[in-house]
Amino acid sequence: MAKKDASPRWDRKMQQRLARGEAAALAELYDRFASLVHGLAHRVLGDERAADGITREVFVHLWEHPDAYDPKQGPLRSWIATLTNHLAVQRLRATETAALTEAGHGSTEELERKVRHASVAARADYIVQSMPAPLRAALEGAYFQRRDYRQTATDLGITEDEARRRLRLGLQLLATAHDAGTPPGHGGAV
């Protein structure tokens, strides 16, 4: 069963409501996506207050620029995640550059490595959160509980072949976290 917010129709209607200036639409978006936005920002920045600031920036951007999102390019959830990642990475670069300058040491290569690591970690979190529940359950059993595919099959009440399939697919999805530095979706976040 698909989530309501995964519907392209819902995405278009939400964008239209924002474009009309409906404050209730922004409140609905906030209720639905604030934890995703805050979680991704915190994963990149590692700072609660900075993540709060990025969360505010994302929703202000949505309110002030509702036409920046194009429903034809992909789901609103992915666009919001991409925007969040972009703003958080910008903030991390600015903060780290200032710290490097102030300390008088460090390098841009070190900064870029740190930014890349934070971005990949945030992407992996987003991928896991967005996975269908059966894939997520198989991966969580294998990773957190250190279960092999046979034990995972028993735990989930599925065949061993199905457990292997779910684990393989879940791991393939997670491997894409290293392929790009931003959450899935289209590149035109801002």
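Residue-level analysis places residue 116 outside the set of residues that are open to solvent by 20 Å² or more (accessible area, probe 1.4 Å), within 30 Å of residue 69 (Cα to Cα), in a helix (DSSP H, G or I) and at pLDDT 80 or above.
Would you check which residues across region 20-48 are closer than 21 Å to residue 116 by Cα and either assigned to a helix (DSSP H, G or I) or touching a residue at least 12 places away in the same chain (Cβ under 8 Å) (or both) and list them? Reasoning before the result, please.
Narrowing region 20-48 to residues closer than 21 Å to residue 116 by Cα: 36-48.
Within region 20-48, 36, 37, 38, 39, 40, 41, 42, 43, 44, 45, 46, 48 meet the criteria.
Within region 61-78, at least one residue is at negative phi, under 15 Å from the mean Cα position of the chain (by Cα) and not in a helix (DSSP H, G or I). Would you say residue 55 is at pLDDT 95 or above, in the same structural domain as residue 126 (by the TED database) and in a helix (DSSP H, G or I)? So residue 55 fits the description; yes.
Restricting 121, 138 to those that are touching a residue at least 12 places away in the same chain (Cβ under 8 Å), open to solvent by less than 20 Å² (accessible area, probe 1.4 Å) and not assigned by the TED database to the domain that holds residue 170 reduces the list to 121.
Could you tell me which of the residues 152, 159 is out of contact with any Phe, Trp or Tyr (no Cβ under 8 Å at 6 or more places or on another chain), surrounded by 15 or more Cβ atoms within 10 Å (Cβ to Cβ) and at negative phi?
Values: 159 fails: surrounded by 15 or more Cβ atoms within 10 Å (Cβ to Cβ).
Answer to the check: 152.
The residues on offer are 63, 79, and the sole one that is aromatic (Phe, Trp, Tyr), touching a residue at least 60 places away in the same chain (Cβ under 8 Å) and in the same structural domain as residue 120 (by the TED database) is 79. Inside region 54-84, residues that are in contact with a Lys or Arg (Cβ under 8 Å, 6 or more places away or on another chain) and open to solvent by 10 Å² or more (accessible area, probe 1.4 Å) make up a count of 1. Scanning region 124-135 for residues that are assigned to a helix (DSSP H, G or I) and open to solvent by 20 Å² or more (accessible area, probe 1.4 Å) yields 124, 125, 128, 129, 130, 133, 134. Among the residues of region 14-53, just one is open to solvent by 60 Å² or more (accessible area, probe 1.4 Å), closer than 12 Å to residue 80 by Cβ, touching a helix residue (DSSP H, G or I) at 6+ places or on another chain (Cβ under 7 Å) and of a type outside the set (D, E, K, R), namely 30.
Would you call residue 164 of a type in the set (Lys, Arg), part of a helix (DSSP H, G or I) and modelled with pLDDT of 80 or more? Even if it seems obvious, please write down each step before you answer.
Values: of a type in the set (Lys, Arg): yes; part of a helix (DSSP H, G or I): yes; modelled with pLDDT of 80 or more: yes.
Taking the combined requirement at face value, the residue satisfies it.
The values are calculated or read from the model by the stated rules, or taken from the named source; none is laboratory data. Predicted, not measured: the structure shown is a model, and the values here were computed from it. Heads up, the Cβs are rebuilt from the backbone with ideal geometry, glycines too, and the neighbour counts pull from every protein chain shown. All accessible areas refer to the heavy atoms of the entire protein, side chains included, with ligands and DNA or RNA removed. Shrake-Rupley method; radii C 1.70, N 1.55, O 1.52, S 1.80 Å.
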